[in-house]
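Notes follow once the structure below has been shown.
The values are calculated or read from the model by the stated rules, or taken from the named source; none is laboratory data. All figures in this text were calculated on a predicted structure; none of them were measured in a lab. FYI the Cβ positions are ideal-geometry reconstructions off the backbone, even for glycines, and counts take in every protein chain you see. For accessibility, only protein heavy atoms count, side chains too; no ligands or nucleic acids. Shrake-Rupley method; radii C 1.70, N 1.55, O 1.52, S 1.80 Å.
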Amino acid sequence: MTPWLSQEFDLLFQQVYQSGARVITLAGASRACGTSTLCRWLAERLSGENANVLLIDFDFSGTGQGIPPAAWSLDGTGQREAIYQPNSHLAILPRPSSPATLTSLRQPQCLNQAIAAWREQYDFVLCDAGTVYVANWQNLSATAIGSACDGALLCAAAAKTPENSLFQSIKRLEQGKVTCIGTIINDLHYPTLASEITRVLNSRGSWLPRRLRQRLTERINRSPLLQGEYQL
């Protein structure tokens, strides 16, 4: 399964390319909106074009990329040993296990120098920054990471991310003078129109003949529009 090759994800890929941004932060407007997964998919898509991509796990409040923390420093020490490489063009740098490295990352000058060094080594650098609107002493500021990058992609979960969290996240990025490349709406937990119509049909249409309900359900499930498979 390669979701990063889907038509919908290709639109995001094209938008990133057209923006000219090479160092990009992906941050969520709320918890569990799929930011880390989307970050990995974008990294896979970019590396599939033979671009050398570095994905850095800066998500200290969630599961991030699911790779155990490793000992590395901003001066380059231990980075090569810590990198996980799923393919020849994609390198993933896990969260640092050293408190000293985490402290250095909180200093804007050190963070800017590190990102500048990574920019020279890779065609694209993606930063998995976790959630914007979360007060967590362990987490790095997504706004600080975004301001050191060319731009940011803000992720939200359909029917899950509160409206207030989305507005507050946008406000924080604007206050940090972060360039917003775009917003990704993750509709994984959002039911399709077809499933909603079918649910209502089965719960409130019991008075209809069973054969008629079956035929309606079949036609609903065959509709690309109702299944959300329409083309933009």
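Within region 1-29, take every residue that is among the β-branched types (V, I, T) and buried (at least 19 other Cβ atoms within 10 Å of the Cβ) and give me the one that is modelled with the lowest pLDDT. Before you say what the answer is, go through the steps one by one.
Let us first name the residues in region 1-29 that are among the β-branched types (V, I, T), namely 2, 16, 23-25.
Next cut, buried (at least 19 other Cβ atoms within 10 Å of the Cβ) only: 16, 23-25.
Details: V16: 90, V23: 97, I24: 97, T25: 97.
Applying the filter and picking the extreme gives V16.
Being in contact with a helix residue (DSSP H, G or I) (Cβ under 8 Å, 6 or more places away or on another chain) and surrounded by 14 or more Cβ atoms within 10 Å (Cβ to Cβ) is the filter; apply it to region 95-120 and report the residue that is nearest to W72 (Cα to Cα).
P96
Here is a check on your reading of the model: is C155 modelled with pLDDT of 90 or more, open to solvent by 30 Å² or more (accessible area, probe 1.4 Å) and not in a loop (DSSP other than H, G, I, E, B)?
When the stated conditions are applied, C155 does not pass them.
Being surrounded by fewer than 17 Cβ atoms within 10 Å (Cβ to Cβ), under 22 Å from the mean Cα position of the chain (by Cα), under 18 Å from D123 (Cα atoms) and not charged (D, E, K, R), is that true of even one residue in region 60-71?
Among the residues of region 60-71, not one is surrounded by fewer than 17 Cβ atoms within 10 Å (Cβ to Cβ), under 22 Å from the mean Cα position of the chain (by Cα), under 18 Å from D123 (Cα atoms) and not charged (D, E, K, R), which makes the answer no.
Can you tell me how many residues in region 83-101 are under 22 Å from the mean Cα position of the chain (by Cα) and under 22 Å from A144 (Cβ atoms)? I'd like the intermediate steps shown before the answer.
Residues of region 83-101 under 22 Å from the mean Cα position of the chain (by Cα): 83-96.
Among the residues that remain, those that are also under 22 Å from A144 (Cβ atoms) are: 92-96.
The total comes to 5.
Does G130 satisfy the criteria of being modelled with pLDDT under 95, in a strand (DSSP E or B) and on the phi > 0 side of the Ramachandran plot?
Numbers: modelled with pLDDT under 95: yes; in a strand (DSSP E or B): yes; on the phi > 0 side of the Ramachandran plot: yes.
Against the criterion (modelled with pLDDT under 95, in a strand (DSSP E or B) and on the phi > 0 side of the Ramachandran plot), G130 qualifies.
Being outside any helix (DSSP H, G or I) and at pLDDT 85 or above is the filter here, so list the residues in region 208-229 that pass it.
Matches in region 208-229: L208, P209.
Among the strands (runs of 3 or more DSSP E) confined wholly to region 13-126, which include 1 or more residues that are on the phi > 0 side of the Ramachandran plot and among the charged types (D, E, K, R)?
Counting at least 1 such residues, we get no strands (runs of 3 or more DSSP E) at all.
Scan region 102-124 and give yes if some residue there is closer than 21 Å to G66 by Cβ, at pLDDT 90 or above and under 19 Å from the mean Cα position of the chain (by Cα), otherwise no.
Checked region 102-124: at least one residue is closer than 21 Å to G66 by Cβ, at pLDDT 90 or above and under 19 Å from the mean Cα position of the chain (by Cα).
Tally the residues that are outside any loop (DSSP other than H, G, I, E, B), at pLDDT 80 or above and among the charged types (D, E, K, R), restricting the search to region 173-207. Steps first, please.
So the first thing to find is which residues in region 173-207 are outside any loop (DSSP other than H, G, I, E, B), and the list is 173-175, 180-186, 193-204.
Retained after the next criterion (residues that are at pLDDT 80 or above): 173-175, 180-186, 197-204.
Imposing the further condition that a residue be among the charged types (D, E, K, R) reduces the set to 174, 199, 204.
Residues meeting the conditions: 3.
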